[in-house]
Amino acid sequence: MNSNTHREKFGSSFGVLATAVGSAVGLGNVWRFPYIAGENGGGAFLIIYIAFVLLLGIPVMLSEFVIGRKSQKNIFGAFRTLAPGKPWFTIGIMGVVAAFLILSFYSVVAGWTIEYLYLAASNSLTGKTPQALQDIFSASSADSWYSIISLIVFMLATALIVKTGIGKGIEKYSKLLMPMLLAIIILLAIRSLTLEGASEGIRFLFKPDFSKVTTGVVLQALGQSFFSLSLGMGVMATFGSYISKKESLGRTAVLVSLSDTFIAILAGVAIFPAVFAFGIAPTEGTKLVFITLPNIFNQMLGGYFFSVIFFILLLIAALTSSISLLEVVVAYFSEELHTSRPKATWIASGAISALGLACIKSTKIFSLFDSFSSNILLPLGGLCIVLFVGWYMKKQLVKQELEENGKPALYFRAFYIIIRYVAPFAILFVFLNQLGIIA
Ligand code: PHE
């Protein structure tokens, strides 16, 4: 992976898109976005979230692509190549820590989707009342052997794919599966919208009530935008190193960010009308999706079929994201600590499973890992990344990397101003504001 000459490249523009979208789209869109939005006021949260995606998400993603494609290295090698002898590589270490923490609770939730796939396939969700579905979730997410086994099965699947290298595999599957997931979510959204009482959910999601906005809400929106776009920890930089010089990085960053946001909003449209129609509280937190969606399936023609397909696709969406997370850790272990790739994979996944077990045992640890990585580590990583590209790297190099067909990119000026002046201050402001240092 660290050889420049034979570095693997994505096969096509669509392959690049599908893979980056495959990493971005996952539990963050379907599970995390609706519950965080639900806990943080709905519409007002959505507006702040979208503003962060446009103002910070796209420029940070573009900066990561620049770092990766310029250096042709993994995230550590990248900083060491572009800034030899300088401490910038610490950003990479932070990325590995973030990957560890995120993957440990992520695989627990992915484990729940395995349990739900089983429940859906064995017809155990049909005909249940909303209350019964709540009870089923409590049982599935409890500290039980089922949860532990599902976690291990999921980590094993992730490890087996990463162990053999990800290039062609992920690209091929992402191209096929992401469009399928999109189609299913659209179907669910349509069914949810046609439920009686749906309009209240739509109002909740789209009508901003700014009285709900506190500094905590803003930080959550920032964290969620980085989490959902897989930013701030080197995933997109690593992908950038596999993107051929012919591709337009700007176009890719915009398309990936918009598709990811579109899918999150669609998930919200599928979930909130149902939340209100079935009398569930939007603030139910981590269990929101797992109790509302089975309710919708019960109201759908062909609900059995769609529920099975949905959980299969959600599982795959989780897998394409977890692969990208594990890849960051494995690339570090194998390239920097000189372990073989399979050995690095097994050690990393063993350690992550152990942390995952801690998340199953304690919901406190679960939410600590979740909020610390998303709300602190990722935005901090993003801050360092824009500082690096905006202030450390030579302007000419950045400009060259963003050239399209030998011509300077039209958006270069705007991008450069944002990463130098706007993004760093915006992120700092949210942090300091949250700490109560500035109001
Ligand atoms: N973006 C993924 C999701 O929304 C999660 C993720 C976060 C993946 C950070 C890679 C890095 O599910």
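The values are calculated or read from the model by the stated rules, or taken from the named source; none is laboratory data. Here the structure is a predicted model, which means the values were calculated and not measured. Backbone-built Cβ (ideal geometry, glycine too); neighbour counts: all protein chains shown.
Quick check, is L46 surrounded by fewer than 21 Cβ atoms within 10 Å (Cβ to Cβ), of a type outside the set (S, T, Y), out of contact with any His (no Cβ under 9 Å at 6 or more places or on another chain) and in a helix (DSSP H, G or I)?
When the stated conditions are applied, L46 does not pass them.
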**Report entry** Criterion violated by V16 - all others in (1) at pLDDT 95 or above; (2) surrounded by 24 or more Cβ atoms within 10 Å (Cβ to Cβ) satisfied
**Finding:** (1)
Query - All positions within segment 75-85 that are touching a residue at least 40 places away in the same chain (Cβ under 8 Å) and over 19 Å from the mean Cα position of the chain (by Cα) - result: F76, G77, A78, F79, L82, A83
Requested in this report: Looking only at segment 65-77, decide whether some residue is touching a Ser or Thr at 6+ places or on another chain (Cβ under 9 Å), among the small types (G, A, S) and farther than 25 Å from D260 by Cα.
Outcome: yes
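Within 20 Å of S228 (Cβ to Cβ), surrounded by fewer than 24 Cβ atoms within 10 Å (Cβ to Cβ) and either of a type outside the set (S, T, N, Q) or more than 16 Å from the ligand (Cβ to nearest atom) (or both): which single residue out of L337, L326, L319 fits that description?
After applying the criteria, what remains is L319.
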Report task. Filter the helices (runs of 4 or more DSSP H) completely within segment 135-252 down to those with at least 1 residues that are under 30 Å from A281 (Cβ atoms), within 20 Å of the chain's Cα centre (by Cα) and of a type in the set (A, V, I, L, M). Result -> 145-163, 167-193, 215-228
Query raised in the report: Of all residues in segment 28-45, which are of a type in the set (G, A, S), under 15 Å from G216 (Cβ atoms) and within 14 Å of the ligand (Cβ to nearest atom)?
Result: A37
Query raised in the report: Can we say V289 is within 16 Å of the ligand (Cβ to nearest atom) and farther than 30 Å from I385 by Cα?
Result: yes
Query raised in the report: Which ones in segment 213-238 are farther than 16 Å from V97 by Cβ, among the small types (G, A, S) and within 9 Å of the ligand (Cβ to nearest atom)?
Result: S228
Query raised in the report: Does G22 qualify as being closer than 23 Å to R251 by Cβ, under 19 Å from the mean Cα position of the chain (by Cα) and part of a helix (DSSP H, G or I)?
Result: yes
Report summary line: Across segment 253-303, the tally of residues that are of a type in the set (V, I, T), surrounded by 18 or more Cβ atoms within 10 Å (Cβ to Cβ) and within 15 Å of A37 (Cβ to Cβ) stands at 10
Query raised in the report: Which residues, counting only those in segment 272-296, are farther than 14 Å from G197 by Cβ and in a helix (DSSP H, G or I)?
Result: G285, T286, K287, L288, V289, F290, I291, L293, P294
Report task. Check segment 159-175 and report whether any residue there is more than 30 Å from P342 (Cβ to Cβ) and without any contact (Cβ under 8 Å) to a residue 12 or more places away in the chain. Result -> no
